[in-house]
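Report on the structure given below.
The values are calculated or read from the model by the stated rules, or taken from the named source; none is laboratory data. All of these numbers come straight from a predicted model, not from anything done at the bench. No Cβ is skipped: glycine too gets one built from the backbone with ideal geometry, and neighbour counts run over all protein chains shown.
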Amino acid sequence: MANYVKTAILMGALTLLILFIGSFFGPNGLTVALIFAGLMNFVSYYFSDRIALSMYGAEAVTREQTPDLYRIVESLTVRAGIPMPKIFIIPNESPNAFATGRNPEHASVAVTQGILRSLSRDELEGVLAHEIGHVINRDILISTIVATMAGAIMYLTTMLKWGMIFGGAGRERDDESPMGGFGFLLAVILAPIAATIIQLAISRSREYGADSTGAHLIGTPYPLANALQKLDQASKQIPLAASPETAHMFIVQPLTGGGGLGLLMNIFSTHPPIEKRIARLLGRSA
């Protein structure tokens, strides 16, 4: 419940940012920005799963090809009460996995060849439960809404910058804004950074939520906790080169693994540190 509250608060903060920046434009500028961002993310919402799967060369598999993997996913979806997702294998030795799809009826779960070789059956079940947790929690929908709001903020601030350069609407509205020129500078310089930080914080919150849902689904946190520990170490030894646009989808941070992040890297990371995720799962202090 705490993760849902945190997500709601952060999304509220994004809304306030949009309203703050929109005050420099009036209703028309705000509406245009929301429509523009909405159209971009509408396409992303409906086609991001195909894009992500093709980006990593994921290949669909059947029950006959991977009976053990299929049985685990099938058992989890029966417990969760959702349709069976499509299953894909990524031809990469870096151990990782992700779920995608706009809703439970259009979900896909992808695992790398490396994760199938690295984990025991119980640990693999913990990882797959985490990914099914993303599907149950409709995290793709949440991330799309957040991306729409963040995209609107980026678009609005870009318009403000051009307005400032050419003496347009943004400068004319300085005196009308409650904070004047200082507020204008905040909108142009700090709002995009704040939007990015909030967007990443929501991504981290959803990882905690999927961990919790996955542990609840299988009735114990230990398989997922053990898997996260193994994946953190193995992903550093065999990194997966992931694009920044899709890095948040994986169960552990691609390229550098999930743990050992400094404060600044933690703020700008799509994933919480592995040690904190394990601590939360096991109910211990980090």
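Any residue that is at pLDDT below 85 and not aromatic (Phe, Trp, Tyr) - is there at least one of those in region 113-128? No, that holds for no residue. A single member of Leu200, Leu224 is within 30 Å of His130 (Cα to Cα) and modelled with pLDDT of 90 or more, and it is Leu224.
Applying the selection to region 61-74, what residues are in a helix (DSSP H, G or I) and touching a residue at least 12 places away in the same chain (Cβ under 8 Å)? Walk me through it before giving the result.
To start, the set of residues in region 61-74 that are in a helix (DSSP H, G or I) comprises 67-74.
If the condition is that a residue be in a helix (DSSP H, G or I) and touching a residue at least 12 places away in the same chain (Cβ under 8 Å), then Asp68, Leu69, Tyr70, Ile72, Val73 are the ones that fit.
The residues of region 94-108 that are among the charged types (D, E, K, R) and surrounded by 14 or more Cβ atoms within 10 Å (Cβ to Cβ) amount to a single one, Arg102.
Name the residue that is farthest from the chain's Cα centre (by Cα), counting only residues in region 83-121 that are assigned to a loop (DSSP other than H, G, I, E, B) and of a type in the set (A, V, I, L, M). Don't jump to the end; show me each part of the working.
Let us first name the residues in region 83-121 that are assigned to a loop (DSSP other than H, G, I, E, B), namely 83-85, 91-96, 101-103, 107, 119-120.
In the following step, the residues that additionally are of a type in the set (A, V, I, L, M) were identified as 84, 107, 119.
Details: Met84: 22, Ala107: 15, Leu119: 24 Å.
Residue satisfying both the conditions and the ranking: Leu119.
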